[in-house]
Amino acid sequence: MDYYGFWQMLLEEMKAASKSAPRHIVTFNDPRMYAGALSQWKSLKSKKPGLRQVQVSTLIRAFFVPAAGAERLMDRYADSLSIEEDHRIKVHSPLADKSGSALMPWGIRAIRAPQAWSRSTGVHVKIGVIDTGVDFRHPDLRHSLASGVNLLNRGMMPLDDNGHGTHIAGTLAAAGGARNMMGVAPRALLYPVKAFDHNGSAYVSDIVLGIDWCVQNKIDIINMSFGMRNRSKALHDVVIKAYRAGIAIIASAGNDGKRGGDYPARYPETIAVGALDRRQRVAAFSNRGPYIDVYGPGEGIPSCWLREGYKEMSGTSMATSHVTGAAALLLALRPGLSPRELKLLLRRTASPVRLRKGQRRASLGGGAADALRLLRVGIRARRGNGSAASAAGSGAGGSGGSSSGAKAAAAAKA
């Protein structure tokens, strides 16, 4: 392959493209050809400043370019490359926006996290929070935060300019500041990965780079409270890489109130989360379906906010942070647990959700997250030297007990 010619063609297309031209993800099929292209890019970018706009993911052998002549590239290098548009992806925007008090949030109590704290508070578990950043000055978060990374500006801290990421961080690991706000896993360590801008918007490439960073930094769990309707090969590839590296990805299903849901929650390697209301029913706004692994509290959730404040929000984003926190409590006790085992334990230890009129339990997927039951079964599996999967099957038998569904079965084969 003519690597110089490849980069010269790409540079010409980038210069000719309009500002509104779509970004692209260019993935090499052959690792050796990717290595050659990467080496040439490193040597050229000091001489050709336009190439400095290109970003790299070694995990999936991809280059992310602000604009690319996909047709010309595919015509010349069709056997060597795959090219997809770098789609926009959004945080799952909350549906409520009220000032919140800092009392013990009802969702923390609903999943029985306080009863679990005598056994685990999530100590030493590293959670990657791919989101809008976090308020590092918040009194309830300052002891729970690592430095993380800002993918939008590598020279800056991952500071939150939206609020969504700070709210997620509070539910995950707030540690009882002056106003007594508590998260599910108050001694877990959060690594903010700022991939979303002030509008709560990112590109798929930003998410790929975020997951890539988490893998390189040996994060234990990744919280992904966002989604899109498009299916992305690059995003799925990097999710698979994280899964095989032993990192659990917990993702929100979306707020369209429909059967089905968004990616990445629909990928079999993730743990898909829907939202419950205060009555333990699937929230009206929550997506649902057999692919949902577990539901978490998602209606009227108070948590931390910008400028050291508090806010009440609703959404599958909020539900996801409850489930990620519960997973962190278990991983503190069982650090070797695989993503597959964690998924099965979450499903099998979930409690049945309350049904609305006309609903069938099988159509909803998993049940309601229960942190205390999750720890009891997880600890029993360790003491008995059995697999987590078999222990989960003999557990209290939540609503996911009879069948793990097609999504869980596919993940088991991944």
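Considering only ARG348, ARG72, ARG376, the Gaussian network model of the chain with Cα springs below 10 Å gives its largest mean-square fluctuation to ARG72.
Distant-in-sequence amide contacts of ARG259, defined by a placed amide H-H separation under 5 Å and a gap of 5 or more residues or a different chain, comprise ARG288. Per residue, the convex hull spanned by the Cα atoms of segment 3-86 amounts to 81 cubic angstrom.
Taking Cα extents along the principal axes in Å as calculated from this structure, the corresponding entry among [x] 64, 47, 37; [y] 74, 43, 41; [z] 62, 45, 42 is [z]. Which whole-angstrom value gives the distance between the alpha carbon centres of segment 107-124 and segment 262-294? If you average the Cα positions of each part, the centres end up 21 Å apart.
The modelled label-to-label distance between GLN53 and ARG259, using points 7 Å beyond Cα along the C-beta direction, is 4.5 nm. Residues of segment 28-58 falling in the label zone of GLU12, defined by backbone nitrogen less than 17 Å from a point 7 Å along Cα to beta-carbon, are 48, 50-51. Exposure proxy ranking for MET224, MET9, MET318, based on other Cβ atoms within 10 angstrom of each Cβ and starting from the fewest, stands as MET9, MET224, MET318.
Ignoring lysines fewer than eight residues from LYS241 along the same chain, the ones with Cα atoms less than 23 angstrom from its Cα are LYS90, LYS126, LYS194, LYS218, LYS233, LYS343, LYS407, LYS413. GNM on the chain, C-alpha springs below 10 Å: top fluctuator among GLY298, GLY257, GLY325? Maximum fluctuation in the GNM of the chain, among the listed residues, is at GLY257.
For segment 30-84 versus segment 143-193, the inter-centroid distance based on Cα atoms is 34 Å.
FRET efficiency for ARG356 and SER46, Cβ-Cβ distance as r, R0 = 51 Å, nearest 0.05?
Numbers: r = 61 Å, r/R0 = 1.20.
It comes to 0.25.
Taking the Cα-to-Cβ direction at ARG119 and at ASP161 and moving 7 Å from each Cα, how far apart do the two end points lie in nm? So the two model labels end up 4.4 nm from each other.
Please identify every one of the trypsin sites (Lys or Arg not before Pro) in segment 250-281 that sits in a loop by DSSP and has no more than 11 other beta carbons within 10 Å of its own beta carbon. Can you show the working numbers first?
Working: sites: LYS258, ARG259, ARG266, ARG278, ARG279, ARG281; in loops: LYS258, ARG266, ARG278, ARG279.
Loop-located and lightly packed - ARG279.
For the chain, modelled as a Gaussian network with Cα springs under 10 Å, which listed residue fluctuates most, LYS241, LYS311, LYS47? Result for the chain, Cα springs under 10 Å: LYS47 fluctuates most.
Readers should treat all values here as calculations from the given coordinates under stated rules, not as data from a laboratory. No experiment lies behind these values; they were computed from the predicted model shown. Every residue, glycine among them, receives a Cβ derived from its backbone with ideal geometry; neighbour counts consider all protein chains shown.
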